[in-house]
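K.L.:
My questions all concern the structure below.
The values are calculated or read from the model by the stated rules, or taken from the named source; none is laboratory data. These numbers come from a predicted model, not from an experiment. Using ideal geometry, Cβ is built from the backbone for each residue, glycine included, and neighbour counts are taken over all protein chains shown. Note: accessible area is taken over every heavy atom of the protein model, side chains too, but ligands, DNA and RNA are not part of it. Shrake-Rupley method; radii C 1.70, N 1.55, O 1.52, S 1.80 Å.
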Amino acid sequence: MAETPKSRPANRRTTNNKRPTRKEEFSNDTKVFALGGLNEIGKNMYCIEHKEEIVIIDAGVKFAEDGLPGIDYVIPDYTYLKRNARKIKALLITHGHEDHIGGIPFLLQVVPIRFIYASPLACAMIKRKLEEKKLTNATKLIEINDLYQIRTKYFNIGFFKTNHSIPESLGIIVNTPNGRIVSTGDFKFDLTPVGDPADYQVISFLGETGVTLLLSDSTNAEIPNFTVSEKQVAYSVQEEFRKTEGRLIVATFASNIHRVQQIIDAAVKFNRKILVFGRSMENNIQISRQLGYIKCPDRFFIKNDEARRLPDNEILILCTGSQGEALAALSRIANGTHRQISIKPGDTVLFSSNPIPGNTGSVNRVINKLYRAGARVLTNEAITNLHTSGHASQEEQKLMLLLTKPKYFFPVHGEYRMLKIHAKLYEEVGFPIDHAFVLSNGDSILLRDGEARLGPRIHVDDIYVDGNDISGLSTAVLRDRQILAEDGMVSVLIAMDSRAGCLLNKPIIMSRGFVYMQDSKEMIREAEYLVNRELTKLLKRKTTFGEIKNTIRDTLSPYFYHKTKRNPMIIPVIMNKKV
């Protein structure tokens with residue numbers, strides 16, 4: 001199995017008997033690489049390059065994890081695309097989820113993209129993002145469907161329907177001079193889907209006519225069997241609507257349009273009026289209703305004032321916050337800080353979702369608060385089927401491999417262990433394991449005349465987005481934030497006369513987030529004494545402000561660590577007497 005990038009120039013010669021340059025060596029190859037989406041869940045971005053043309057598949061974000069304080073999003077480093085902007089012919093979107101479209105506003109600020117091709121639903125979601133960032137004139141959005149074709153000088157591009165948790169999800173076919181590349185996008189094989197079925201005939205036809213390289217969704221590679229059908233979730237949700245007597249509060253992903261439709265269908269069937277809370281939920285329902293993916297009479301959507309006049313058994317509250325996000329509607333309801341809704345005994349809260357890895361703790365905290373407030377809480381269990389994934393499990397992944405019969409396989413969209421397991425499935429269904437490429441972001445695959453090999457590595461990095469700033473925070477800034485979050489800070493105020501070479505007062509030490517000053521007076525006094533002693537020695541000779549700051553840090557760091565086993569950030573503040 002290919003796992004580490006190697007670049008071995010072929011041993012051929014040009015007509016003038018000179019060894020070809022590195023650029024000439026790869027000039028006729030088709031290059032495939034990921035700027036995001038490998039060894040992680042999120043920021044999906046895959047590129048196909050041939051000569052002077054590049055097509056990009058998806059441009060997503062990754063949501064910040066606990067170890068990134070203050071960070072809103074993580075996006076790929078777009079440097080390579082910026083340098084090769086003239087080559088970019090199109091950005092192709094598989095579907096409208098944030099990990100596939102969330103990076104578009106950031107990308108457009110640094111890289112000119114003339115055309116973005118996406119389904120009507122994805123286009124509407126992208127358009128709203130661009131309006132918020134005042135980027136509506138930065139690109140042209142072109143609505144496509146599974147029958148649409150794009151032709152460039154080197155690429156012939158087509159699409160096929162897949163099943164996912166959002167309508168209009170598409171797989172992508174890119175015919176290149178060196179072979180056919182197929183990207184599944186996010187998919188599962190749902191034999192009783194809520195929306196349109198997948199294009200099984202097209203997928204089979206691709207396998208019969210030849211797929212050189214398959215890029216396939218690896219998210220659920222650890223999960224055996226088949227993914228539960230969305231229709232089964234519909235039955236389970238309706239059963240809970242039938243049994244629940246008080247108010248019903250349902251939290252789910254705002255982007256799971258199929259699930260939202262089923263919850264709304266259940267509300268209509270059992271005559272519950274719907275209150276919607278959460279900006280993303282409101283936006284997605286509005287867009288989906290306009291496009292006909294969510295169907296519901298207007299009279300079922302009500303405002304909070306109307307809800308006060310209705311009995312509890314006629315109310316459904318549909319909200320965001322299924323992942324325990326601090327500012328989401330459900331978290332504010334659980335905390336008692338929501339301006340319009342509060343929990344009362346007799347309420348039932350239904351989580352139609354599973355916690356994303358890393359979110360279990362925050363979800364459990366919300367659940368505990370809901371119980372304390374008197375609510376009955378239902379979560380997804382094996383026997384309840386209140387949620388199902390939009391991603392293929394192992395048997396579906398095997399089926400995709402058997403239908404497409406790829407000569408080479410590139411598992412994508414998953415953490416390292418998921419990519420490895422998916423590659424193993426490729427071997428289990430009868431393909432050679434050395435034709436599977438388990439790579440990292442920046443590694444490239446080169447196609448030449450239907451054969452694949454590892455190519456040169458491309459520079460990639462993570463860009464940490466803080467607010468709207470896409471310049472990216474350095475790792476030093478993040479390290480400082482982590483120190484402040486874990487160990488706090490100590491500021492040391494120094495008043496001195498640099499001309500006289502003396503301190504005007506004893507140093508003053510203040511702590512924030514390190515120790516409680518009232519309980520640590522003796523330690524602080526001793527620290528002030530140590531700084532005073534060392535600076536008095538230092539100022540007897542000619543010195544610099546840099547040396548003074550270093551002396552303060554070198555004196556206090558080991559002292560505080562010895563006393564507390566912690567390393568606070570030490571910030572010297574020097575006030576110098578003016579003549």
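K.L.:
How about the range 516-540: which of its residues are touching a strand residue (DSSP E or B) at 6+ places or on another chain (Cβ under 8 Å), part of a helix (DSSP H, G or I) and of a type in the set (Ser, Thr, Tyr)?
P.N.:
Thr536
K.L.:
Moving on to the next point. Could you list all residues from the range 512-535 that are modelled with pLDDT under 90 and of a type in the set (S, T, N, Q)?
P.N.:
Gln518, Ser520
K.L.:
Do we find that Ile264 is at pLDDT 95 or above and surrounded by fewer than 23 Cβ atoms within 10 Å (Cβ to Cβ) in this structure?
P.N.:
No.
K.L.:
Turning to a different aspect of this structure: Any residue at all in the range 345-356 that's within 19 Å of Val233 (Cβ to Cβ), aliphatic (A, V, I, L, M) and in a loop (DSSP other than H, G, I, E, B)?
P.N.:
Among the residues of the range 345-356, at least one is within 19 Å of Val233 (Cβ to Cβ), aliphatic (A, V, I, L, M) and in a loop (DSSP other than H, G, I, E, B), which makes the answer yes.
K.L.:
Okay, moving on. Out of Ala334, Ala329, report the one residue that is buried (at least 18 other Cβ atoms within 10 Å of the Cβ), out of contact with any helix residue (DSSP H, G or I) (no Cβ under 7 Å at 6 or more places or on another chain) and more than 30 Å from Pro197 (Cβ to Cβ).
P.N.:
Exactly one residue qualifies, and that residue is Ala329.
K.L.:
Tell me the residue from Arg247, Arg259 that is in contact (Cβ under 8 Å) with a residue 60 or more places away in the chain and closer than 13 Å to Ser353 by Cα, please.
P.N.:
Unique residue meeting the criteria: Arg259.
K.L.:
Among the residues in the range 254-272, are any part of a strand (DSSP E or B), in contact with an Asp or Glu (Cβ under 9 Å, 6 or more places away or on another chain) and either farther than 30 Å from Asp449 by Cβ or among the polar types (S, T, N, Q) (or both)?
P.N.:
No, that holds for no residue.
K.L.:
Would you pick out the residues in the range 206-247 that are surrounded by fewer than 21 Cβ atoms within 10 Å (Cβ to Cβ) and touching an Asp or Glu at 6+ places or on another chain (Cβ under 6 Å)?
P.N.:
Asn225, Phe226, Ser229, Gly246
K.L.:
Which one is nearest to Arg512 (Cα to Cα) among residues in the range 479-499 that are open to solvent by 70 Å² or more (accessible area, probe 1.4 Å) and among the basic types (Lys, Arg)?
P.N.:
Arg479
K.L.:
Any residue at all in the range 431-438 that is modelled with pLDDT of 95 or more and assigned to a strand (DSSP E or B)?
P.N.:
So far as the range 431-438 goes, yes, one or more of its residues are modelled with pLDDT of 95 or more and assigned to a strand (DSSP E or B).
K.L.:
Being closer than 16 Å to Val438 by Cα, touching a Phe, Trp or Tyr at 6+ places or on another chain (Cβ under 9 Å) and modelled with pLDDT of 55 or more, is that true of even one residue in the range 25-32?
P.N.:
yes
K.L.:
Is at least one residue of the range 66-81 at pLDDT 95 or above, among the hydrophobic types (A, V, I, L, M, F, W, C), in a loop (DSSP other than H, G, I, E, B) and over 30 Å from Lys231 (Cβ atoms)?
P.N.:
Checked against the condition, which is being at pLDDT 95 or above, among the hydrophobic types (A, V, I, L, M, F, W, C), in a loop (DSSP other than H, G, I, E, B) and over 30 Å from Lys231 (Cβ atoms), the range 66-81 yields no hits at all.
K.L.:
Could you check how many residues of the range 541-579 are surrounded by 17 or more Cβ atoms within 10 Å (Cβ to Cβ) and either not basic (Lys, Arg) or not in a helix (DSSP H, G or I) (or both)?
P.N.:
Result for the range 541-579: 10.
K.L.:
For the range 377-433, how many residues meet the condition of being without any contact (Cβ under 8 Å) to a residue 12 or more places away in the chain, under 27 Å from Arg453 (Cα atoms) and under 26 Å from the mean Cα position of the chain (by Cα)?
P.N.:
Selection size over the range 377-433: 1.
K.L.:
Which one of these is out of contact with any strand residue (DSSP E or B) (no Cβ under 8 Å at 6 or more places or on another chain) and at positive phi: Gly513, Gly501, Gly546?
P.N.:
Criteria check complete, one pass: Gly501.
K.L.:
Within the range 293-332, which residues are part of a loop (DSSP other than H, G, I, E, B) and within 17 Å of Val268 (Cα to Cα)?
P.N.:
Tyr293, Ile294, Lys295, Cys296, Pro297, Ile302, Lys303, Leu310, Pro311, listed by residue number.
K.L.:
Just checking, which of Leu215, Leu206, Leu191, Leu248 is under 20 Å from Glu395 (Cβ atoms) and touching a helix residue (DSSP H, G or I) at 6+ places or on another chain (Cβ under 8 Å)?
P.N.:
Leu206
K.L.:
Then there's this: For residues in the range 276-286 being surrounded by 22 or more Cβ atoms within 10 Å (Cβ to Cβ) and in contact (Cβ under 8 Å) with a residue 60 or more places away in the chain, which is farthest from the chain's Cα centre (by Cα)?
P.N.:
My answer is Phe277.
K.L.:
Specify which of the listed residues (Ile157, Ile142) is in a strand (DSSP E or B), surrounded by fewer than 18 Cβ atoms within 10 Å (Cβ to Cβ), more than 23 Å from the chain's Cα centre (by Cα) and hydrophobic (A, V, I, L, M, F, W, C).
P.N.:
Going through Ile157, Ile142 in turn, just one is in a strand (DSSP E or B), surrounded by fewer than 18 Cβ atoms within 10 Å (Cβ to Cβ), more than 23 Å from the chain's Cα centre (by Cα) and hydrophobic (A, V, I, L, M, F, W, C): Ile142.
K.L.:
Condition first: touching a residue at least 60 places away in the same chain (Cβ under 8 Å) and either basic (Lys, Arg) or not in a loop (DSSP other than H, G, I, E, B) (or both). Now tell me which residues in the range 357-375 satisfy that.
P.N.:
Of everything in the range 357-375, nothing turns out to be touching a residue at least 60 places away in the same chain (Cβ under 8 Å) and either basic (Lys, Arg) or not in a loop (DSSP other than H, G, I, E, B) (or both).
K.L.:
Taking the conditions exactly as written (surrounded by fewer than 18 Cβ atoms within 10 Å (Cβ to Cβ) and either within 27 Å of the chain's Cα centre (by Cα) or at positive phi (or both)), does Asn271 satisfy them or not?
P.N.:
For Asn271, the condition - surrounded by fewer than 18 Cβ atoms within 10 Å (Cβ to Cβ) and either within 27 Å of the chain's Cα centre (by Cα) or at positive phi (or both) - is met.
K.L.:
Still on this structure: I'm checking my understanding of the structure. Among residues of the range 172-203 that are open to solvent by less than 50 Å² (accessible area, probe 1.4 Å) and aliphatic (A, V, I, L, M), which one is nearest to Thr94 (Cα to Cα)?
P.N.:
That would be Ile172.
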